[in-house]
Structure formats: C-alpha cells, structure tokens
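Remarks on the structure that follows.
Each reported figure results from applying straightforward, stated rules to the coordinates on display, with no laboratory input. It should be emphasised that the depicted structure is a prediction, and the values quoted were computed from it without experimental measurement. Note that each Cβ is placed from the backbone with ideal geometry, even for glycine, and that neighbours are counted across all protein chains shown.
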Amino acid sequence: MTILVTGATGTVGRQVVEQLAKRGADVRALVRDPAKGFERNLRQFMPSWMAFNMRLMSERFLTEGMVPEAGNVARLTALLGRPLRSYRDFAAEIATSA
Ligand SMILES: NC(=O)c1ccc[n+]([C@@H]2O[C@H](COP(=O)([O-])OP(=O)(O)OC[C@H]3O[C@@H](n4cnc5c(N)ncnc54)[C@H](OP(=O)(O)O)[C@@H]3O)[C@@H](O)[C@H]2O)c1
C-alpha cells in the first residue's frame, strides 16, 4: 500500500512522513515547492543558512541554467591547466569508451 501525505513540508506532515518511513511504509510526499523539501533534507547535513543558500542556488540553476560570468571560463581554465570539458563532451567520451 502506498500512502500519500499532503502538506509534507509542514510541521505535522514532516513528522508523519518521517514516522511512516521509519516503519518501512511506501510513502509519497505531496509538496507544492520541491525546493523546500530539498532544503529540509540538506538541513540534516549542514547549517540552516547553508541549506537555504543551496536552495537558492538550485532554484536559480533550474530556472537559468549554469551560465558562467565573464572571465570565469578563462580563470577556471588557468586554474585547471587544461581546457574545460562540457557535459556533452564527457557523455560522448563515456559513450564511445563503453
Ligand atoms: N501543529 C499543530 O500543533 C496542529 C494542531 C492541531 C491541528 N493542526 C492542523 O494540522 C494541519 C497542519 O498543521 P501544521 O502545523 O503542520 O501546518 P504548517 O506547518 O503550516 O504546514 C502546512 C502544510 O500544508 C501545506 N499547504 C498549505 N496550503 C496548501 C495548499 N493550498 N495546497 C497544498 N498544500 C498546502 C503547506 O505547504 P507549503 O510548505 O508549500 O506551504 C505545508 O506543507 C493544519 O490544518 C493545522 O490547522 C495543527
């Protein structure tokens, strides 16, 4: 049986999800803002301010993508001592080496 919990980011819902998960239930959480759940999970591993920052960064990344600012590519290239590889290059490399 799968249990759907609404309001899973709230005070009560959070406890309900945690208790159900501890009992091994197949639980699904309904959330309006996934980033809120992401932030809550991160808070278990890091200070709240850092989890909040990570949430803001992930939201921006999702909406705007990862766009380097002027000079970032050159600075990173200099730091690494080799040209940067895109994810596309990396995936192509893996695909051909498999
Ligand atoms: N806490 C208590 O001691 C207590 C005692 C008696 C009764 N209650 C009742 O139990 C319920 C939950 O309490 P709580 O303390 O856990 O409240 P809460 O911390 O404010 O959490 C409310 C939850 O409901 C979600 N939510 C609010 N409006 C929504 C909407 N229109 N559509 C979908 N989700 C919505 C919120 O989502 P977002 O995170 O996206 O905002 C959040 O996850 C409330 O009805 C409250 O009156 C609570």
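Here are the numbers for the structure shown:
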read-out	value
Label point distance in nm, Met50-Leu76, each placed 7 Å from Cα along Cα→Cβ	2.2 nm
Column: log10 I(q)/I(0), Debye, Cα scatterers of the chain, q = 0.12, 0.13, 0.14, 0.24 Å⁻¹	-0.67, -0.73, -0.79, -1.20
Convex hull projection area averaged over all views, segment 9-49, Cα basis, nm²	3.2 nm²
Where trypsin sites (Lys or Arg not before Pro) fall in DSSP loop in segment 1-88, at most 12 other Cβ within 10 Å	Arg23, Arg32, Arg85
Size of segment 58-97 as Cα extents on the principal axes (Å, biggest first)	33, 26, 12
Cα→Cβ-extended label distance, 7 Å offset, between Tyr87 and Glu18, nm	3.2 nm
At most 11 other Cβ within 10 Å, DSSP loop - GluC sites (Glu not before Pro), segment 35-81	Glu69
